[in-house]
Amino acid sequence: MNTPTYVLEESLLRRNLSLIKKVSEEADIQIILAFKAYALWKTFPIFREYISATTASSLNEARLAYEEFGAPAHTYSPAYIDSEIDTIACISSHLTFNSLSQYQRLAPRAIEANKELKIGLRVNPEYSEIPTELYNPCSPGTRFGVTADELFKFLDSSDSKLPPITGLHMHCHCENDSDVFVRTLAHLEEKFLSSPDFVKTLSWINFGGGHLMTRKGYDIKLLVDTIKNFHKRYPHIKLIMEPGSAFAWQTGYLEAHVIDIVENHGIKTAILDVSFTCHMPDCLEMPYFPEVRGARHIPDNSPNAYRLGGNSCLSGDYLGYWEFKKPLSIGDTIILEDMIHYTTVKTTVFNGVQHPDIAIEHPDGSRTLLRHYTYEDYKLRMD
C-alpha cells in the first residue's frame, strides 16, 4: 500500500493561474497569493510566471514571501508581536494594521525600519454575506478591522507626526461570487470613501480574499466591470486583491486508502490512513462534504453506504455517508477531491498520524515527490 498523498495537478494549477492573470490584466488590479490558503513553496517558480507578489499574516509567512517567492510581502496580522515588527517591516512592501492602537504604537517603528513601506489599515464595512459564523469577519464583536466611525473620529484628533495611512484593506468574503463583491463595495464606499479629502490621501486599496473567480459559474465579467468602474471613480488608487482558494481551487486531491472496515448498529465505516481532523479540518469545521471519486454522497445511511473514518482517536473524526459502485475492501484507494487549498496548510500531527506526502503531477502524467514526512518530523516538532 502506498503512502497517502496530496497530489497537486500542474495542468489544473496553470489553468487557474492563467485565468487569474487574465482578470488581473483586464481589470488593472494586482492579484496576489495568500499563503494562508496555499504555501507549497516548491511550486513558487510556476506562480512567478503569472503573479509578482504574495500576502502574509505572520513573520514566518513574510519570510516565506521574501526568501522563497523572492518579493517583499503584503503583510497583515490581527496583532503584530513587538519583537517581530522590525523584521516584518524590512521584508514587506505593504504593512496593514488591524487596530488603531497597533498603528499608533508600531507604525513609527515600522517606518523607521523600512522607509519605503506602505502603511495601511484594515477596515470593517460592517457588511458581509458569509453564512458560516466561524468565517465571518464582520459579525458583531469581531476582532477584525476598524469601523468608519472609529477611523474618522481618530483622524480628526490624531497626531500628525504618525506615518500616514496610505491604504485600506477590506476582507469580508469567503468563496463568494462577484455579485456579493458589488454589494460589499457599496458599503465600503458609503462608509469610508465619501470624504473627498480622505480619498485624496489613499494610494492603494486591498479588497482582500474570498473572491472565488476560478469556480465554475463565477461571473468574471461582473468582477472586471466592477473594478473598471471603481477605477473611473478613483483613478489614482492602485487596487489589490489577494484570494487564496481561487489559486488552488480544484487543482488536486488527497489519495487515501482503506485500512479497515468496521460496523456498528448497521453503520459501516471505512477507516482510512488519513484523518479528517488532522488532514482535512475544514470538513469538520465548516463543515462541508468533499467529492469522493467514484462515490455519491447521500444524506442518510443505506445498505450500500459507508461512512469515511479517520485514523485518529477523536470520536468525531469521520464523515459520511457515501455510496460506492461496489463494496469497499481493505487496500482500496479513496480519492478525496479538491484537497489542496487551505487543507495543506492547516494540517496537524495529532496522534502522530502519518502525514500525507505532497506531490505534483505534471501534464504528462508523471509525478514529482515534493515532500515525504517521517518520524523525525513528528519528533522534532516536540523538541
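Read-outs throughout are calculated quantities, based only on the coordinates presented, and are distinct from any laboratory measurement. Keep in mind it's a predicted model, so treat the numbers as computed, not measured. Don't worry about glycine lacking a Cβ; one is built from the backbone with ideal geometry, like all the others, and counts go over all protein chains shown.
Of note:
- Placing +1 on each Lys and Arg Cβ and -1 on each Asp and Glu Cβ, with no other charges, gives the stretch 96-190 a dipole about its Cα centre of roughly 620 debye.
- The spacing between the stretch 227-283 and the stretch 1-64, judged by their C-alpha centroids, is 14 Å.
- Of the complete DSSP H runs in the chain, those spanning 15 angstrom or more by Cα along the long axis with a mean Kyte-Doolittle score not below -1.0 are 10-27, 100-113, 178-192, 220-233.
- Extension gain for the segment S139 to S11, taken as residue separation times 0.36 nm less the Cα-Cα distance, is 42.3 nm to one decimal.
- In summary, the lysines within cross-link reach of K346, defined as a Cα separation below 27 angstrom excluding same-chain residues under 8 places away, comprise K21, K36, K42, K216, K379.
- Whole-angstrom Cα spans of the chain along principal axes, big to small: 69, 45, 43
- Descending by average beta-carbon neighbour count within 10 Å, the peptides 192-203, 238-249, 170-181, 351-362 line up as 238-249, 170-181, 351-362, 192-203, the highest first.
- Projected label distance in nm at S101 and D225, using a 7 Å step from Cα toward the beta-carbon: 4.5 nm
- Candidate cross-link partners of K115 among the lysines, defined by an alpha-carbon separation under 23 Å and a same-chain spacing of 8 or more, comprise K161, K200, K238.
- Per-pair calculated FRET efficiency, R0 = 22 Å: F350 and H297 via Cβ, rounded to 0.05: 0.30
- Here the extension length gained between R381 and E26 equals 123.3 nm, from 0.36 nm per residue of separation less the Cα-Cα distance.
- Dipole orientation for the stretch 189-268: of the candidates S194, I259, M241, S194 has the Cα lying most toward the positive pole (charges on Cβ; Lys, Arg +1; Asp, Glu -1).
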